[in-house]
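One structure below.
The values are calculated or read from the model by the stated rules, or taken from the named source; none is laboratory data. This structure is a prediction, so every number in the text was calculated from the model and none was measured. Virtual Cβ from ideal backbone geometry, glycine too; neighbours counted across all protein chains shown.
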Amino acid sequence: MCGIIGLTAIENYLREPIGSIIRRCLKRLEYRGYDSVGYAYIDKQKLKIVVKKAKGKIDDVTRILDFKNAYSNIAIGHTRWATHGKPSNENAHPHTDCSESIAVVHNGIIQNYMELKGKLVRKGHVFKSETDTEVIPHLLEEYVKSGMKPIDALRETLKILKGAFAFAAIFTQERNKIFFAKMTSPLVLGISNKVKFLASDIPAFLEFTNRVIILRDGEFGYISPQEVYIESIDRGAINVRNRIRVISWTPQMAMKGGYPHFMLKEIHEQPLAMQRTLQSLNIKEILEAVDLIINSNKIFITACGTSYHAGLVADYALSSLLGLPSFTFIASEYLKYFKAFGDGDVGIIISQSGETIDSLIALRKMKEKGVKTIAISNVIDSAIPREADVAIYTRAGPEIGVAATKTFTTQIITLLKIILQAAKQLGEDVEKIESELNKTPKISGRVIRAHEAKCREIGRRLSDAKSAFYLSRGIGVPLSMEGALKLKEIAYIHAEAYPAGESKHGPIALVEPNFPVVFSMLLDEYRESLIGNIMEMKAREAYTVGLIPRNERQVIEHLDTYISLPNINPLIAPVIYVIPMQLIAYYAAVSRGYDPDKPRNLAKTVTVE
Ligand code: G6P
């Protein structure tokens, strides 16, 4: 969904070429998109904008882009995930106006760009790309040509643009300012004394500052080395001081810390992340959420991707523990329940980034119908928690790998904490489960240490497969969905999850000798029937992998390989069982020669519908 960066520093302050800084910042945004990359800076001697861009990942085009020889105190940069126009040198950002005195980087979609482009072309503007973005510099140019200052041109441009976007622009006539605007797509400012940043996400500039302003929809303005100006379309000039927040993320959190990939680092970070989540959950917010849940008519849970799987785990816990059925749906499918949303209902929206557009739209649709909303997110002040009635943060720290890992486990922990608190208020005795939940940081650490080597072996074995099944029953089903998604998205091996009982109603037709089937066996009432399903697969010579409870002996003879996991309550098991699944997928991807941090065609934060 593209990453944008901009920085402006006082003259002679930067001790290295600005291109090198832009490159580092873009590397940290690469998870957002990586089909092309580019940057622009103002050459102060020649008083002109220099644009460098190319198709490809940053590492592959570093030489062509010549970051090391870009000297200036002001620059913008972009890493792209194509929406309008294929990945190509021409479609890469920045885009410029006709006179090349304005350059723009953009994340999001300009919905009415066709109409705008038509008008601009009729006025004589020449377009060089197929992107929607290019209308922005040309519109700005129109207004500037008519005598407006850049800030006024920006305000007028915003009145015309429709869609979800965040963009940054530099003008040769305002040599120290980077102009910006935000509507739905994320944009944050980084504030330090002599240098100011803007970026799609905080880790981009975290090495320089942890003082941030999270911009809101309809805000625009500029940064200069010593000034931040923000205006809102509806509310006029904003008091900037009140908006600065100091975040607790450290630069190390956004670095690989000796691991070959962010994903592996983030898998290993899970014990710490879980600990942080458990320690920092705010009881006041939990109680507010519980109050809404136990007094609700209906409960709706919605999310996308991995967060949706966390939602399904919560759904299972709500029904099986509290007898409170919930309607859990993929956010982009909200229409199914739109008529059912109403006053007295509660909606739980789960989003790591807090910016996924489908989830944001589902939240707005619920609110429109009077549903009270609870957001579970990892990013403070992002759109979804900001718009929800109650915001609960997982505080897992930044997650850079595209495939979600630590944010999944911490989402489940957060959701279970809420559900267990609700259970207590409803008179259930959940002390034992809660004490097990509190031990997940320790247990997960032990699981990683004990089983990583075995997971590597299984990952390597799976790397030859064309397809795999992940089967389980009960709460093991959403867990299996997450395991299958991991294998699919980073190792590019087709994988499907099914309730094990359902596998004989179709999927088993695909099973032939050596077809991998990963079973998750939990300590629940499904044990006997699951053993039956394992035997069915074995009888067809499948390659059976078991994630099984410790001391489970009977099933071993039907498994080709297995990992024996601690005996824990099934409601908590997804937090622990998913770890070997993550590791298996990671090692399968690496064995196949793929970069698990940047799976093809994916982006970490999806801000288009
Ligand atoms: C993208 C990512 C997934 C993520 C999903 C939802 O598809 O690639 O890893 O689970 O978005 O993201 P969210 O930030 O809303 O949890």
Entirely in region 105-168, the helices (runs of 4 or more DSSP H) that have 1 or more residues that are touching a Pro at 6+ places or on another chain (Cβ under 7 Å) and either surrounded by 14 or more Cβ atoms within 10 Å (Cβ to Cβ) or not assigned by TED's automatic domain parsing to the domain that holds Thr607 (or both): 135-145
Filter result (basic (Lys, Arg) and buried (at least 23 other Cβ atoms within 10 Å of the Cβ)) within region 178-204: Lys182, Lys196
Positions within region 564-575 being farther than 14 Å from Asp524 by Cα and surrounded by fewer than 24 Cβ atoms within 10 Å (Cβ to Cβ), in sequence order: Ser564
Single match in Glu428, Glu457, Glu434 (criterion: among the acidic types (Asp, Glu), in a helix (DSSP H, G or I) and touching a residue at least 60 places away in the same chain (Cβ under 8 Å)): Glu457
Candidates Ile283, Ile294, filtered to the one that is touching a helix residue (DSSP H, G or I) at 6+ places or on another chain (Cβ under 6 Å) and over 30 Å from Glu609 (Cα atoms): Ile294
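Looking only at region 174-213, which residues are of a type in the set (Phe, Trp, Tyr) and more than 17 Å from Thr250 (Cβ to Cβ)? So that I can check it myself, show each step before the final result.
Here is the first cut: in region 174-213, the residues of a type in the set (Phe, Trp, Tyr) are 179-180, 197, 205, 208.
Scanning region 174-213 gives Phe179, Phe180.
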Residue within region 18-32 that is surrounded by fewer than 24 Cβ atoms within 10 Å (Cβ to Cβ), more than 29 Å from the chain's Cα centre (by Cα), at pLDDT 95 or above and assigned by TED's automatic domain parsing to the domain that holds His125 present: no
Criterion: over 21 Å from Lys48 (Cβ atoms) and either in contact with a Lys or Arg (Cβ under 8 Å, 6 or more places away or on another chain) or at pLDDT 95 or above (or both) - qualifying residue of Ile102, Ile110: Ile110
Single residue of Glu227, Glu207 found to be surrounded by fewer than 18 Cβ atoms within 10 Å (Cβ to Cβ) and touching a helix residue (DSSP H, G or I) at 6+ places or on another chain (Cβ under 6 Å): Glu207
Among residues of region 395-411, those that are more than 10 Å from the ligand (Cβ to nearest atom) and assigned to a loop (DSSP other than H, G, I, E, B), counted: 5
All positions within region 176-187 that are part of a strand (DSSP E or B) and at pLDDT below 95: Met183
Residue selected from region 371-383 under the condition at pLDDT 95 or above, of a type in the set (A, V, I, L, M, F, W, C) and within 13 Å of the ligand (Cβ to nearest atom), by the criterion farthest from Leu272 (Cα to Cα): Ala375
Of residues in region 322-358 being away from the ligand (no atom under 16 Å from the Cβ) and free of Cβ contacts under 8 Å to residues at least 24 places away in the same chain, the one farthest from Thr277 (Cα to Cα): Lys339
Residue selected from region 577-609 under the condition surrounded by fewer than 24 Cβ atoms within 10 Å (Cβ to Cβ) and either more than 16 Å from the ligand (Cβ to nearest atom) or of a type in the set (A, V, I, L, M) (or both), by the criterion farthest from Asp59 (Cα to Cα): Val608
